[in-house]
């Protein structure tokens, strides 16, 4: 019974290590930082020379 619990613990540890390694391997490209401005035009935030201030407004009644 103890060997089965040890095997199960190692299996869970290995699954967690594989999951963590697969999540860390994904890279984001610089082109993904695109938002829409107030005129619904796309603005690329990665290619800016100056810092940007972003505001997020939610619908409040």
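Annotations
- CD proxy at 222 nm, helix term only [per DSSP H run n ≥ 4: -39500 (n - 2.57); per residue of the chain; nearest 500]: -13000 deg cm²/dmol
- In degrees, nearest ten, helix 2-24 long axis to first principal axis of the chain (Cα): 20 degrees
- The shape of the chain comes out prolate: with a ≥ b ≥ c from the C-alpha gyration tensor, a/c is at least 1.5 and a/b beats b/c.
- Take the Cβ atoms of residue 12 and residue 33, set R0 to 35 Å, and the FRET efficiency comes out at 0.45.
- Here residue 58 and residue 19 are evaluated by their C-beta separation; at R0 = 25 Å the FRET efficiency comes out at 0.15.
A short reminder: the numbers here are calculations on the coordinates, not readings from a lab. It should be emphasised that the depicted structure is a prediction, and the values quoted were computed from it without experimental measurement. Neighbour counts are summed over all protein chains in view; Cβ atoms, including those assigned to glycine, are modelled from backbone coordinates with ideal geometry.
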